[in-house]
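Asks: One structure, as structure tokens, below. Some questions next.
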Amino acid sequence: MAFMPVKFNLQKRVKLAQGLWMIYWLSVIVGILLFGLGIFFKIELRKRSEMMDNNESHLVPNLLILVGSLACGLNAFGGKVCHDSLDPIKFAKWKPMLKPFLLLCCGFNALLLLTALLCFLMQFAVYLTLAEGLKNSIKFYKDTDTPGRCFMKRTLDMTQIEFRCCGNNNFRDWFEVQWISNRYLDMSNDLVKDRVLSNVEGKYLMDSVPFSCCNPGSPRPCIQHHLTNNSAHYDYDHRIEELNIWTRGCREALFYYFSSIMNSIGVLIIGTIILESVDMAGLKYLTTALDTMEDPENPECESDGWLLEKGVKETMGELFAKMKTLGKTNQVVEGEDAPEG
Amino acid sequence: MVLLKIKFTQQRRVHLAQGLWLLSWMAVLWGGVIFFLGVYLKTELLRRAEVMDNTEIHVVPNILMMVGLASICTNWVASRVCQDSMDSTRFPRWKVPLLAWFAVSAVLCCLLIAVVVLSYALQGSLEQSLKVGLRNGIRFYKDTDVPGRCFQKETIDRLQMEFLCCGNDNFKDWFEVQWVSNRYLDFTSKDVKDRIRSNVDGRYLLDGVPFSCCNPTSPRPCLRYHLTDNNAHFSYDYQSEELNLYSRGCRQALTDYYMELMNATGPGVVSVIFIQLSVLLSLRYLQTAVETAMVLEDPEGDSEGYLLEKGVKETIEDLKTNALTILKFGQVDPDAAEGSSEAADIEKDEKDAPPTPAS
């Protein structure tokens, strides 16, 4: 007793073939979109790799690129099969390939599911990499004369300007780091000597932030230095001042950006899974409808189409039995060994 | 004596009609491209409208948009004419509209050439407009509490950060303006009082710039205040320091940006001119070839196509006399009123007679 059988006449078969052909080409476009998104995500990760200590995992974009190209290939093949399906001569040469193709599509759907899961789960990894990377970026801000780190200042400044953020958690991260290089400090000055001697590691620490933390929307010209000293500036209270510098931390800002990209890609992949399942179901119906034609010479005859030849439980049972026999052929069966040996 | 005569067989006419149909649809597409170029240019100009004093430069994108739309319509009409040209019952109705079409098409080509010329000619006007606009922007930078000007600070800051520029001509423009509002100045401080008394207008001037002038590529954390005082900062020389602030002025930066944008649209506009001219010439040939074939009462046979029925000079003379006759119809001349209308009738008869022997 077939699973979800449907009766088909010639017109229904033709409509199914045409509709399926269009859905396959739509799936090819979606595959191209996934490929493009994979490349876009890879480029974005590369652009911000300095903020992540050059340590970020490119697993998700690489997988997306692979999945996108696979989707294009599989769906284009499916479209070709649909196109040829109404011509019995052309269809005969595709017939033997259909069962492996459907199995391949099942495997592809599983891969898509894995990619979607990774899209949602890898966000934690991105968060941790960002936290570590930004901490190091702030530490190396002043090293504009060290090869390999000389562009850290520029990158961090442009990131803070672009993402409207300051520091790792917030602007106070800048108070704990020496972000002015010793080249620009007058070590003979008393003030400088006081600050350097005021902490164990001999760092020149200040309650100031770089200019890239400034908020252009503030009505007041930006106050960068002596942020915690109310008397250093006229009519200034650092506890209630909100608009002067960006209050958001860059880790939060960058994470929000990447997680929104990954969430959208995840949703698109779930849509692709549904689309692929529809493709597979349609192809199964089409092939069974063409196979069960009572009179192959007469295209007008009726036929049945189904998803599974027997019910779900029976098909599952058969599958398990097959897998058991596959396992058994490798086992050495004691009784039969002697005559062969 | 016709201008640029070409012989057309039936097959050639059909090929011409098909080719022209494709060409006119391509021209429709290009017209759309020109329209969107105009829209994009206008959007970019409107985005920075706050730092521009006048809108003279907007004539370039306005003409582009107008020409784009007109080009879409005229070339669509051309494709309809092509479709009807092979049908001798439907083609005659296009006779008069085609004259109007040629005129409109010629006007479009002239407008496109005008756009190319204007985009260079208006550069001076754009610079002047930016000069005044930026000067006002810098002057009103501090007025974040005055309604109507409260966003000048944010606009100028974002502009300087985006276009990597500082001030109008250079960063020294900020030294001549009070850009810190009085609300944030402590008038009991000696330093503030000195500075205010140091100039006639009583403004708080300093040799400092806003943070948006800072250049992130500088190896040194940004120095914004006491820029002309070498002793105020360690290892600092005002004359030789290059990377600390943006050295370019915003007027130059914005002018360069808009000129680049308009130069980029240049090739598109020139190619549209060529396409429009080819559509015009091909349609004229098609029209004359089909009409000649219909007049010879052998729609399938050979015919001649030409650009102008008579030479250039004679056609211009004809156009002049036609224009004058139309003007005479409008004039009130009581004495010769009847005489002029009779003369006009005779002229009209004379006009109708010549075309037949020539074709």
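Asks: Only one residue in A:Leu134, A:Leu98 is more than 14 Å from every other protein chain (Cβ to nearest Cβ), within 22 Å of A:Met22 (Cβ to Cβ), open to solvent by less than 40 Å² (accessible area, probe 1.4 Å) and in a helix (DSSP H, G or I), so which one is that?
Replies: Within the list A:Leu134, A:Leu98, the selection yields A:Leu98.
Asks: Of the residues that make up the range B:130-138, is at least one more than 14 Å from chain A (Cβ to nearest Cβ), over 14 Å from B:Ala253 (Cβ atoms), small (Gly, Ala, Ser) and part of a helix (DSSP H, G or I)?
Replies: No, that holds for no residue.
Asks: I need a count of the residues in the range B:205-249 that are closer than 17 Å to A:Pro210 by Cβ and part of a loop (DSSP other than H, G, I, E, B).
Replies: 18
Asks: Picking from A:Leu117, A:Leu128, A:Leu113, which residue would you name as being among the hydrophobic types (A, V, I, L, M, F, W, C), surrounded by fewer than 18 Cβ atoms within 10 Å (Cβ to Cβ), without any contact (Cβ under 8 Å) to a residue 24 or more places away in the chain and closer than 30 Å to A:Met280 by Cα?
Replies: It is A:Leu117.
Asks: Across the range A:237-287, what is the number of residues that are more than 30 Å from A:Phe101 (Cβ to Cβ), away from chain B (no Cβ under 14 Å), touching a residue at least 40 places away in the same chain (Cβ under 8 Å) and in contact with a Ser or Thr (Cβ under 9 Å, 6 or more places away or on another chain)?
Replies: Residues flagged as more than 30 Å from A:Phe101 (Cβ to Cβ), away from chain B (no Cβ under 14 Å), touching a residue at least 40 places away in the same chain (Cβ under 8 Å) and in contact with a Ser or Thr (Cβ under 9 Å, 6 or more places away or on another chain) within the range A:237-287 amount to 3.
Asks: Shifting gears a bit: Given the structure, is A:Leu45 open to solvent by less than 90 Å² (accessible area, probe 1.4 Å), modelled with pLDDT of 90 or more and within 21 Å of A:Tyr256 (Cα to Cα)?
Replies: yes
Asks: Which residues, taken from the range B:139-173, are open to solvent by less than 10 Å² (accessible area, probe 1.4 Å) and away from chain A (no Cβ under 11 Å)?
Replies: Passing the criteria: B:Cys165, B:Cys166, B:Gly167.
Asks: Let me ask something else. For the range B:174-207, name all the residues that are open to solvent by less than 50 Å² (accessible area, probe 1.4 Å), at the interface with chain A (Cβ under 9 Å from one of its Cβ atoms) and under 14 Å from B:Lys142 (Cβ atoms).
Replies: B:Trp179, B:Val180, B:Ser181, B:Tyr184, B:Leu185
Asks: Okay, moving on. Residues in the range A:47-57: is at least one touching a Cys at 6+ places or on another chain (Cβ under 9 Å) and of a type in the set (Gly, Ala, Ser)?
Replies: Checked against the condition, which is being touching a Cys at 6+ places or on another chain (Cβ under 9 Å) and of a type in the set (Gly, Ala, Ser), the range A:47-57 yields no hits at all.
Asks: Further question: Just to be sure I understand, how many residues within the range B:208-259 are among the polar types (S, T, N, Q) and within 14 Å of chain A (Cβ to nearest Cβ)?
Replies: So the answer is 8.
Asks: Follow-up. Could you grab me the full set of residues in the range B:105-124 that are surrounded by 15 or more Cβ atoms within 10 Å (Cβ to Cβ) and in a helix (DSSP H, G or I)?
Replies: Those that are surrounded by 15 or more Cβ atoms within 10 Å (Cβ to Cβ) and in a helix (DSSP H, G or I): B:Ser105, B:Leu108, B:Cys109, B:Leu111, B:Leu112, B:Ala114, B:Val115, B:Val116, B:Leu118, B:Ser119, B:Gln123.
Asks: Of the residues that sit in the range A:169-184 and are in a loop (DSSP other than H, G, I, E, B) and touching a residue at least 60 places away in the same chain (Cβ under 8 Å), which one is least open to solvent (accessible area, probe 1.4 Å)?
Replies: If we take residues in the range A:169-184 being in a loop (DSSP other than H, G, I, E, B) and touching a residue at least 60 places away in the same chain (Cβ under 8 Å), then A:Asn170 is least open to solvent (accessible area, probe 1.4 Å).
Asks: Related question: Residue check: is A:Arg154 modelled with pLDDT under 90, closer than 25 Å to B:Phe234 by Cβ and either out of contact with any Gly (no Cβ under 9 Å at 6 or more places or on another chain) or in a loop (DSSP other than H, G, I, E, B) (or both)?
Replies: In short, no.
Asks: In addition: Please go through the range A:185-236 and give me each residue that is outside any loop (DSSP other than H, G, I, E, B), out of contact with any Phe, Trp or Tyr (no Cβ under 6 Å at 6 or more places or on another chain), surrounded by 13 or more Cβ atoms within 10 Å (Cβ to Cβ) and without any contact (Cβ under 8 Å) to a residue 12 or more places away in the chain, ordered by number.
Replies: Those that are outside any loop (DSSP other than H, G, I, E, B), out of contact with any Phe, Trp or Tyr (no Cβ under 6 Å at 6 or more places or on another chain), surrounded by 13 or more Cβ atoms within 10 Å (Cβ to Cβ) and without any contact (Cβ under 8 Å) to a residue 12 or more places away in the chain: A:Lys193, A:Ala232.
The values are calculated or read from the model by the stated rules, or taken from the named source; none is laboratory data. Keep in mind that this is a model prediction, so the values were computed, not measured. Note that we place each Cβ from the backbone using ideal geometry, even for glycine, and neighbour counts take in every protein chain shown. Protein only, heavy atoms only, side chains kept; ligands, DNA and RNA dropped before computing areas. Shrake-Rupley method; radii C 1.70, N 1.55, O 1.52, S 1.80 Å.
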